[in-house]
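Trainee: Pasting a structure below so you can have a look.
The values are calculated or read from the model by the stated rules, or taken from the named source; none is laboratory data. Keep in mind the model is a prediction, meaning the values are calculated, not measured. A quick note on method: Cβ atoms are made from the backbone with ideal geometry, for glycine too, and the neighbour counts reach across all protein chains shown.
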Amino acid sequence: MQRFKLPALFALAFGLVYAFIFDSKLDMGGDNAGYYILGRALLQGEGYTNIHIPGTPAASHFPPGYPALLAVAMLFGKSFTWLKVVNGILFGAALWWFRSIAEKATGSTAFAWVAVLLVGLNSHLLRSSTIMMSEIPYTAASILALWTLLRWDPESKAFYRSYDFWLVVVLASAAFYIRTAGIALGAGIGLYLPFERRWAAAFTFGGAFFALYLPWVLRGRAVDAGSAYVDQLLSVNPYRPEEGQIDVSGLWDRIAENAGRYLGQELPNSMIPSLTVDYNPEAPVSHPFVGLLLLGLIAYGIVRLPKLRWLVAGYVLASFAIFLVWPSVWYGVRFIQPLVPVLVLSALYGAWELLRRVLPSWNPWWFAALGLLLLAPVRTLNDEAKLDYPMPYQNYFRLGEFAKANVPVDAQFATTKPALWYLFAERKATRIPTEADPALFMQRLQEEGLNYVVVDQLGYGSVGRYFVPAYQAYPERFELVAQLPNPDTYIFKVK
């Protein structure tokens, strides 16, 4: 019984924090609804398809790992709350595995627990653990892959006879299937093995990793959608396809812009959420000096790690290389979140190494005081969990429920958030056509069979940029079906 005491105490502590911040509301981003819909499609035997979009096209934007996990979880319940709790369980498990990694890398149990404390109180990760998104499942899969890699004993038997080695291959591939950015994890492991002089294992890992991903590539080509994600990556703006593809000059500008933003905003805020940022270019709040300090500590900590430095270095460098080439409109700490445990481990160890040069008796437990910087954002999560949806979303969801009760089952909508709309309206929907020319806009509505348009106040520009000019040019083509005030939200039928 004694060996269960520590895990039980950890689970209790994590459970209390998780219950304190748990938010039962559906996240207002459309991606979490998209994941839910894909999971439901798999569960219902409809394949990996966008059942909410007219024509039920094959899904290609999200890799299928997280929807498959949701489909399994849905066997035990389909409620949003239950599926959110699954993410919470995965975050708790990831923290437990992370503790072992931190202890192995640094040789200090006390340091490992402090690192777990600082990662476990990170409000960004806690927030993600209460929404149906892939950040936490990817974090759990990647940390479990690293934990298994450390458990693998290459001296005991040949690598190809080791269950742990093959489990690392499967888990790293699973992480890649959950988030395409998981290629960075594969790169980290691929760099670590040669530096450990495990050449045969390195080549085998690389080949097996590619072989496991190949079915997804072939499937993408089979449905003629294999390049959809790459097309978005190379777009000037994925939300404005009319702006075309990026050129070499634009790519360098993107890298420079992303580097400055990550240094001054995402990196400091992801590790110290109390350092708020402001993405308004007219009044930016940035912390470049904090970012430089953290980057220096991360680099120094990686170099000084007693073990695993090449594994951590490869993972971090490959991840940042991916961050720099993202379209700059994909900003925020969401993309860097899964890397936070490794960044905290590296920066904390770098600080410890520097302080021990001045104070040789420095105790890692003293770093626990840094947890005070994390408490205010955690309390904010508790406050936000008690709030209702903002009024624009309340109106949007209410109109969705109206459509479910009053609009024909075969109706097809144009809206800014098709997946969210489908969850409440149970009517197929797609994005508002991106045609600024009113005649072309009307033509697209007809070609796609869209007979209703939702005009919302969710803060996205597509309504004003594309729908309003068409409405002004052809007001007789639109019939008002429903309207809610404060703020005005409408359903129009296309005649």
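Trainee: Cβ-Cβ under 7 Å, sequence separation 6+ or interchain: first residue in segment 356-379 and among the small types (Gly, Ala, Ser), partner surrounded by 14 or more Cβ atoms within 10 Å (Cβ to Cβ) and not in a helix (DSSP H, G or I). Which pairs?
Mentor: Taking only residues 6 or more apart or on different chains, the pairs are 371/121; 376/274.
Trainee: Among the residues of segment 44-61, is there at least one that is buried (at least 19 other Cβ atoms within 10 Å of the Cβ) and under 19 Å from the mean Cα position of the chain (by Cα)?
Mentor: Yes, segment 44-61 contains a residue that is buried (at least 19 other Cβ atoms within 10 Å of the Cβ) and under 19 Å from the mean Cα position of the chain (by Cα).
Trainee: So which residues in segment 428-457 are closer than 13 Å to residue 418 by Cα and not acidic (Asp, Glu), if there are any at all?
Mentor: If the condition is that a residue be closer than 13 Å to residue 418 by Cα and not acidic (Asp, Glu), then 428, 429, 430, 431, 432, 433, 450, 452, 453, 454, 455 are the ones that fit.
Trainee: Moving on to the next point. Considering only residues that are exposed (fewer than 14 other Cβ atoms within 10 Å of the Cβ) and either within 20 Å of residue 377 (Cβ to Cβ) or of a type outside the set (A, V, I, L, M) (or both), which ones fall in segment 251-287?
Mentor: Hits for segment 251-287 are 252, 253, 257, 260, 276, 278, 279, 280, 281, 282, 284, 285.
Trainee: Then there is this: Filter segment 467-486 down to residues that are of a type outside the set (A, V, I, L, M, F, W, C), surrounded by 13 or more Cβ atoms within 10 Å (Cβ to Cβ) and either outside any helix (DSSP H, G or I) or free of Cβ contacts under 8 Å to residues at least 24 places away in the same chain (or both), then give me how many there are.
Mentor: Going through segment 467-486, the residues of a type outside the set (A, V, I, L, M, F, W, C) turn out to be 469, 471-472, 474-477, 479, 483, 485-486.
If we keep only those that are surrounded by 13 or more Cβ atoms within 10 Å (Cβ to Cβ) as well, we get 469, 471, 474, 477, 483.
If we keep only those that are either outside any helix (DSSP H, G or I) or free of Cβ contacts under 8 Å to residues at least 24 places away in the same chain (or both) too, we end up with 471, 474, 483.
Summing the residues that are of a type outside the set (A, V, I, L, M, F, W, C), surrounded by 13 or more Cβ atoms within 10 Å (Cβ to Cβ) and either outside any helix (DSSP H, G or I) or free of Cβ contacts under 8 Å to residues at least 24 places away in the same chain (or both) in segment 467-486 gives 3.
Trainee: Taking segment 436-466, which residues are loosely packed, with under 12 Cβ neighbours inside 10 Å and within 31 Å of the chain's Cα centre (by Cα)?
Mentor: 459, 461, 464, listed by residue number.
Trainee: Could I ask something else about it? Give the residue that is modelled with the highest pLDDT, with candidates limited to residues of segment 148-168 that are surrounded by fewer than 22 Cβ atoms within 10 Å (Cβ to Cβ) and closer than 18 Å to residue 312 by Cα.
Mentor: Looking at the filtered set, the residue picked out is 148.
Trainee: List the pairs whose first member sits in segment 435-447 and is outside any helix (DSSP H, G or I), whose second member is not basic (Lys, Arg), and whose Cβ atoms are under 7 Å apart, counting only residues at least 6 apart or on separate chains?
Mentor: 435/441; 435/466; 436/466; 436/469
Trainee: Tell me, which residue of segment 450-466 that is out of contact with any helix residue (DSSP H, G or I) (no Cβ under 7 Å at 6 or more places or on another chain) and without any contact (Cβ under 8 Å) to a residue 40 or more places away in the chain is farthest from residue 400 (Cα to Cα)?
Mentor: The extreme case among them is 465.
Trainee: OK, next. Against the definition (modelled with pLDDT of 95 or more and closer than 20 Å to residue 27 by Cα), how does residue 429 come out, yes or no? Break it down into steps so the answer makes sense when it comes.
Mentor: Values: modelled with pLDDT of 95 or more: yes; closer than 20 Å to residue 27 by Cα: yes.
Criteria met by residue 429.
Trainee: Select, from 403, 419, the only residue that is more than 30 Å from residue 273 (Cα to Cα) and either hydrophobic (A, V, I, L, M, F, W, C) or within 29 Å of the chain's Cα centre (by Cα) (or both).
Mentor: Testing whether each residue is more than 30 Å from residue 273 (Cα to Cα) and either hydrophobic (A, V, I, L, M, F, W, C) or within 29 Å of the chain's Cα centre (by Cα) (or both) leaves just 403.
Trainee: Now a separate question. Could you list, ordered by first residue, the pairs with Cβ atoms under 6 Å in which the first is in segment 300-327 and farther than 24 Å from residue 103 by Cβ and the second is of a type in the set (Val, Ile, Thr), at least 6 apart or interchain?
Mentor: Cβ pairs passing all conditions: 324/255.
Trainee: Can you pull out every residue in segment 58-76 that is part of a loop (DSSP other than H, G, I, E, B) and free of Cβ contacts under 8 Å to residues at least 40 places away in the same chain?
Mentor: Within segment 58-76, the first condition is being part of a loop (DSSP other than H, G, I, E, B), and the residues that meet it are 59-64, 75-76.
Matches in segment 58-76: 59, 75, 76.
Trainee: Would you say residue 156 is farther than 30 Å from residue 420 by Cβ, assigned by TED's automatic domain parsing to the domain that holds residue 298 and among the small types (Gly, Ala, Ser)?
Mentor: The answer is yes for residue 156.
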